[in-house]
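Student: One structure, pasted below without further comment.
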């Protein structure tokens, strides 16, 4: 099959050069795979971070979102007057709105009694909050004061809340010094900003955080009538709403959050750098292998040149070696990447998964790595002087 | 159409280095090798034999004099001309120079692969044919490591002949072999070259094979000594 790629079918020299030295080939493949895995991991973490940072954002049942212009990200949400959200009802395209409180509160682990910060959302139990139906049967329980819905996918440091709840026990804990009872579970998942989440009614929320002023909220969800163009409505709202509030489409709201993590923190850079390191390590390994290969076989390359083979054919052999290394080295890297993503999902609850774009990106990087190394190793071929052969 | 003489050398001189480091290694070399003729070149080491071989083999550019190899004047030949000429010259080396990662058959096919206009199967068939001709029909898939010294040299001969050369250059092909095997190898080479009408220029130190030559050339200090050639009969 590989021979089909040849300009003219002949002895598959590149393949034989690689395969007749199995130990070296294994080292090369291990190196390439390692580099590939490193890139998969780092890019996976990076994309996982960006995706995790908007898990909740994606869930909101909203076409437009109101936020305070002072809100920079989900970990620093500022409040704005709830009046603004009510005012948007004047726009004919607006169907309904939901005011949402958003803040971090200290949760006491019911088992170890230690406290840890998690994200609390407060909404009117009768309003729509999420597109997902997970709240449907449970929001009613929140009408009772002091009841919360706990995110079952929160990090384990918050205690065995889901386990106890599912076992039929009454789970009570302390939030911001107030006693609350878990009346249900939701599936949201932690993000880099919040290790856990809980959802409660606005009333309970205000009692947990008495500093919350009655007339202000952190988030306003707006649902439009069918057929309304969110962009156009957002534009109209911006035109007449005072500038103490910003209007986002849901897409822009998600992008705004991602962009915060991407540009305002070092995290995106760090993981990209990590991927770059993997790339460099891979380059060094592949270069070493190909350079060693050319050096070892220099007399043989010189013999081929003496026989009348053009240098171009010999360069093509090195290129083919690089190509084969890339192809064969990518397979275990991909498999290990899938495996490690599953491992990370299991242990960190982060939404890390293989995306086609990343699979293609890493393959391209491995290809560039192998081809670049092959090009540099080729320079060694200039040392193959057929005149020195006798 | 008569084949051009494989080698016609006229006043060939060659030197290494420049200025005070300049050292003449070949001076006024004149000789010719005709089709099917086996010519042995002897002389003490360092006398310029190898330099002459690399010049004839179009591996080095010619400095002075006229050298026609297979009808190609090397004085005017560029890099590409020399490479194409090399495809028509078979070379056999002291250390066989087989590709370690290839089987005997694949090594020979590397020679046959230089032939234009033949299918893969035809070239492969020719490679097998040549291995049979050198008596290794049953060793096709062995790698050089598993072959004896004599067998390796036979593979090298098959590889050189597989490209249908009109001239064979050999540099001490018997150096690594015992006397009997060495003689067998040269006999084989001589027989196959005659069958192909292929000229042979062989550098050797081995006195046991001198009688196989059609003609002997002796070299000393970069010059051919015609007299000693005549006075050096076999045995």
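The values are calculated or read from the model by the stated rules, or taken from the named source; none is laboratory data. What you are looking at is a predicted structure, and each value in this text was computed from that prediction instead of being measured. FYI the Cβ positions are ideal-geometry reconstructions off the backbone, even for glycines, and counts take in every protein chain you see.
Student: Might you let me know whether region B:76-88 holds any residue that is surrounded by fewer than 21 Cβ atoms within 10 Å (Cβ to Cβ) and more than 14 Å from chain A (Cβ to nearest Cβ)?
Tutor: For region B:76-88, residues surrounded by fewer than 21 Cβ atoms within 10 Å (Cβ to Cβ) and more than 14 Å from chain A (Cβ to nearest Cβ): present.
Student: Shifting gears a bit: Applying the selection to region A:337-390, what residues are assigned to a loop (DSSP other than H, G, I, E, B) and away from every other protein chain (no Cβ under 14 Å)?
Tutor: Across region A:337-390, the qualifying residues are A:349, A:350, A:351, A:352, A:353, A:354, A:355.
Student: Of all residues in region B:165-181, which are more than 12 Å from chain A (Cβ to nearest Cβ) and either within 24 Å of residue A:300 (Cβ to Cβ) or touching a strand residue (DSSP E or B) at 6+ places or on another chain (Cβ under 8 Å) (or both)?
Tutor: Hits for region B:165-181 are B:166, B:167, B:168, B:174, B:176, B:177, B:181.
Student: Given (1) in contact with a helix residue (DSSP H, G or I) (Cβ under 7 Å, 6 or more places away or on another chain); (2) surrounded by fewer than 16 Cβ atoms within 10 Å (Cβ to Cβ), where does residue A:387 come up short, assuming only one miss?
Tutor: Tallying (1) in contact with a helix residue (DSSP H, G or I) (Cβ under 7 Å, 6 or more places away or on another chain); (2) surrounded by fewer than 16 Cβ atoms within 10 Å (Cβ to Cβ), residue A:387 fails exactly one: (2).
Student: Pick from region B:50-64 the residues that are more than 9 Å from every other protein chain (Cβ to nearest Cβ) and touching a residue at least 60 places away in the same chain (Cβ under 8 Å): which of them is nearest to residue B:222 (Cα to Cα)?
Tutor: Only one residue fits best here, namely B:52.
Student: Can you tell me which residue among B:67, B:40 is more than 28 Å from residue B:177 (Cβ to Cβ), buried (at least 22 other Cβ atoms within 10 Å of the Cβ) and more than 14 Å from every other protein chain (Cβ to nearest Cβ)?
Tutor: One residue alone meets the criteria, B:67.
Student: Quick check on region B:209-221. Is at least one of its residues part of a helix (DSSP H, G or I), without any contact (Cβ under 8 Å) to a residue 60 or more places away in the chain and under 20 Å from the mean Cα position of the chain (by Cα)?
Tutor: Looking through region B:209-221, at least one residue is part of a helix (DSSP H, G or I), without any contact (Cβ under 8 Å) to a residue 60 or more places away in the chain and under 20 Å from the mean Cα position of the chain (by Cα).
Student: Quick one: would you say residue A:83 is assigned by TED's automatic domain parsing to the domain that holds residue A:192 and out of contact with any strand residue (DSSP E or B) (no Cβ under 8 Å at 6 or more places or on another chain)?
Tutor: Criteria met by residue A:83.
Student: If residue B:47 meets every condition in (1) under 25 Å from residue B:157 (Cβ atoms); (2) away from chain A (no Cβ under 12 Å); (3) at pLDDT below 90 apart from one, which number is that one?
Tutor: Every condition holds for residue B:47 apart from (1).
Student: Go through (1) under 30 Å from residue A:120 (Cα atoms); (2) surrounded by fewer than 17 Cβ atoms within 10 Å (Cβ to Cβ); (3) touching a helix residue (DSSP H, G or I) at 6+ places or on another chain (Cβ under 7 Å) one by one and return the number of the condition residue A:9 breaks.
Tutor: Failing condition for residue A:9: (1).
Student: Mind listing whichever residues of region A:13-39 are under 29 Å from residue A:312 (Cβ atoms), part of a helix (DSSP H, G or I) and either within 14 Å of another protein chain (Cβ to nearest Cβ) or free of Cβ contacts under 8 Å to residues at least 12 places away in the same chain (or both)?
Tutor: Correct list: A:13, A:14, A:15, A:16, A:17, A:18, A:19, A:22, A:24, A:25.
Student: Find the residue count for region B:99-117, including only residues that are more than 10 Å from chain A (Cβ to nearest Cβ) and loosely packed, with under 15 Cβ neighbours inside 10 Å.
Tutor: Number satisfying all stated conditions: 2.
Student: Out of curiosity, is residue B:224 farther than 17 Å from residue B:40 by Cα and surrounded by 15 or more Cβ atoms within 10 Å (Cβ to Cβ)?
Tutor: no
Student: Is at least one residue of region A:88-96 touching a residue at least 60 places away in the same chain (Cβ under 8 Å), in the same structural domain as residue A:169 (by TED's automatic domain parsing), closer than 16 Å to residue A:215 by Cα and not in a strand (DSSP E or B)?
Tutor: Yes: one or more hits.
Student: Quick one: count up the residues across region A:294-313 that are in contact (Cβ under 8 Å) with a residue 24 or more places away in the chain and crowded, with 21+ Cβ neighbours inside 10 Å.
Tutor: 7
Student: Right, another one. Determine which single condition residue A:320 fails, assuming it passes every other condition in (1) free of Cβ contacts under 8 Å to residues at least 60 places away in the same chain; (2) within 14 Å of chain B (Cβ to nearest Cβ); (3) part of a helix (DSSP H, G or I).
Tutor: The one condition residue A:320 does not meet is (1).
Student: Of all residues in region B:131-151, which are within 16 Å of residue B:106 (Cβ to Cβ), in a helix (DSSP H, G or I) and more than 13 Å from chain A (Cβ to nearest Cβ)?
Tutor: The answer is B:131, B:132, B:151.
Student: Taking the conditions exactly as written (under 30 Å from residue B:167 (Cβ atoms) and in the same structural domain as residue A:29 (by TED's automatic domain parsing)), does residue A:316 satisfy them or not?
Tutor: yes
Student: In region A:150-189, what count of residues is obtained for those that are within 24 Å of residue A:131 (Cβ to Cβ) and in contact with a helix residue (DSSP H, G or I) (Cβ under 7 Å, 6 or more places away or on another chain)?
Tutor: 10
Student: Next up: Do we find that residue A:23 is farther than 30 Å from residue B:120 by Cα and surrounded by fewer than 16 Cβ atoms within 10 Å (Cβ to Cβ) in this structure?
Tutor: Spelling it out, residue A:23 is indeed farther than 30 Å from residue B:120 by Cα and surrounded by fewer than 16 Cβ atoms within 10 Å (Cβ to Cβ).
Student: From the list A:33, A:74, pick out the single residue that is surrounded by 21 or more Cβ atoms within 10 Å (Cβ to Cβ), closer than 30 Å to residue A:275 by Cβ and in the same structural domain as residue A:325 (by TED's automatic domain parsing).
Tutor: So the residue among A:33, A:74 that is surrounded by 21 or more Cβ atoms within 10 Å (Cβ to Cβ), closer than 30 Å to residue A:275 by Cβ and in the same structural domain as residue A:325 (by TED's automatic domain parsing) is A:33.
Student: May I pose another question? Kindly establish whether residue A:93 is touching a strand residue (DSSP E or B) at 6+ places or on another chain (Cβ under 9 Å) and either away from chain B (no Cβ under 14 Å) or more than 30 Å from residue A:124 (Cα to Cα) (or both).
Tutor: It is true that residue A:93 is touching a strand residue (DSSP E or B) at 6+ places or on another chain (Cβ under 9 Å) and either away from chain B (no Cβ under 14 Å) or more than 30 Å from residue A:124 (Cα to Cα) (or both).
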